[in-house]
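The values are calculated or read from the model by the stated rules, or taken from the named source; none is laboratory data. Remember, predicted model here, so these are calculated numbers, not experimental data. Cβ placement follows ideal geometry from the backbone for every residue including glycine, while neighbour counts extend to all protein chains displayed.
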């Protein structure tokens with residue numbers, strides 16, 4: 001039988017099949033942790049999605065067997081939170097410990113914040129099935145997508161005990177009353193949370209399994225208060241010292257250039273920049289060091305000291321022999337002496353009706369006039385002579 005153009009038979013009518021359009025669910029969210037923490041409930045609230053991720057796909061969750069929802073950061077081998085039903089109640093486990101990146105730290109914070117306040121929540125190191133082993137095996141890979149079991153709860157309870165012990169150690173070694181109270185409060189909260197965790201998952205917890213919570217006695221409390229008072233006094237003294245320095249700095253900034261130079265030469269510890277205005281540094285002797293107006297300090301004594309360099313420069317000046325670094329190198333502190341030459345740019349110094357050219361010492365980023373070096377000659381020689389005499393006296397004593 002055919003139903004072509006020339007057939008005498010009528011074509012039977014085909015039944016109309018009506019298809020219903022299924023609603024497409026959204027799976028990309030800025031914060032998939034909120035979707036993870038609020039699944040669809042019987043009253044219609046929550047999200048119908050069983051998986052979701054962010055735009056970068058480095059923060060997502062999946063729903064595995066028994067409607068267990070697991071939140072991941074970057075990869076399937078790093079679960080950071082899980083939600084499952086236990087005793088007909090939803091339980092949330094959020095990962096504790098140090099994350100491996102700043103981004104993962106943000107993911108862990110989002111996961112913890114998304115949990116409803118009234119929900120059962122524990123912060124533990126293992127949020128999925130616990131499997132021993134340090135190498136990535138198939139068994140370990142499967143464990144990251146499975147519901148926590150009895151071994152997981154035992155491992156988490158052992159971690160509770162370790163954290164309680166660490167808090168007690170911090171309490172015993174604390175010097176501040178605030179730190180001691182904080183550590184003691186942390187130990188008490190962890191102890192309460194460990195008991196609730198063991199009770200919820202039917203874990204045997206002996207009376208001696210949890211460390212004993214210490215007591216902050218009156219004698220230690222007074223000692224910690226005294227330490228806090230001393231610390232506050234030291235902090236106030238440092239603040240007052242810094243304020244005095246800023247006040248002195250503001251006072252000196254208001255002075256003229258000549259007054260600033262006089263204050264600097266007198267030993268002021270304030271900061272001065274470009275005191276001379278001509279690009280040349282000033283020098284002063286402070287203790288056993290030579291300081292420049294560019295905030296640099298070099299020792300007077302030693303092989304690279306200012307005392308030895310002063311003798312070398314004096315010999316060059318008296319012999320009218322300029323120095324230019326070329327193979328032979330002279331040092332002053334951590335700086336290399338580039339040159340010591342008469343300057344044709346500066347006006348000569350008139351002495352005994354003779355015009356003497358001004359010599360310039362160049363060391364690192366410093367340019368120093370010879371007249372400035374002469375101004376500290378006596379102080380440098382006094383310190384260097386005392387050092388040499390003390391060295392010879394000590395050497396003769398040893399001999």
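When the stretch 48-66 is filtered for residues that are modelled with pLDDT of 90 or more and on the phi > 0 side of the Ramachandran plot, only 57 remains. Once the stretch 324-337 is narrowed to residues that are farther than 23 Å from residue 301 by Cβ and in a strand (DSSP E or B), the residue that is modelled with the lowest pLDDT is 326. Look at (1) out of contact with any strand residue (DSSP E or B) (no Cβ under 7 Å at 6 or more places or on another chain); (2) surrounded by 12 or more Cβ atoms within 10 Å (Cβ to Cβ); (3) on the phi > 0 side of the Ramachandran plot and you find that residue 333 fails only one, number (1).
Being assigned to a loop (DSSP other than H, G, I, E, B) and either modelled with pLDDT under 95 or under 30 Å from residue 263 (Cβ atoms) (or both) is a property that holds for residue 206. Considering the conditions (1) surrounded by 12 or more Cβ atoms within 10 Å (Cβ to Cβ); (2) under 30 Å from residue 71 (Cα atoms); (3) not assigned by TED's automatic domain parsing to the domain that holds residue 38, residue 168 is excluded by exactly one of them, (2). Scanning the stretch 173-203 for residues that are assigned to a helix (DSSP H, G or I) and closer than 20 Å to residue 220 by Cβ yields a count of 13.
Please tell me if residue 368 is surrounded by 14 or more Cβ atoms within 10 Å (Cβ to Cβ), modelled with pLDDT of 90 or more and touching a helix residue (DSSP H, G or I) at 6+ places or on another chain (Cβ under 6 Å).
no
Kindly establish whether residue 132 is more than 20 Å from residue 94 (Cβ to Cβ) and part of a helix (DSSP H, G or I). It is false that residue 132 is more than 20 Å from residue 94 (Cβ to Cβ) and part of a helix (DSSP H, G or I).
Look at residue 227 and say whether it is within 20 Å of residue 372 (Cα to Cα) and surrounded by 10 or more Cβ atoms within 10 Å (Cβ to Cβ). In short, no.
Restricting 215, 127, 170 to residues that are touching a residue at least 12 places away in the same chain (Cβ under 8 Å) and in a loop (DSSP other than H, G, I, E, B) narrows the list to 127. Condition first: closer than 30 Å to residue 76 by Cβ, surrounded by 13 or more Cβ atoms within 10 Å (Cβ to Cβ) and touching a helix residue (DSSP H, G or I) at 6+ places or on another chain (Cβ under 9 Å). Can you find one or more residues in the stretch 203-218 that meet it? Yes, there is a match, as at least one residue in the stretch 203-218 is closer than 30 Å to residue 76 by Cβ, surrounded by 13 or more Cβ atoms within 10 Å (Cβ to Cβ) and touching a helix residue (DSSP H, G or I) at 6+ places or on another chain (Cβ under 9 Å).
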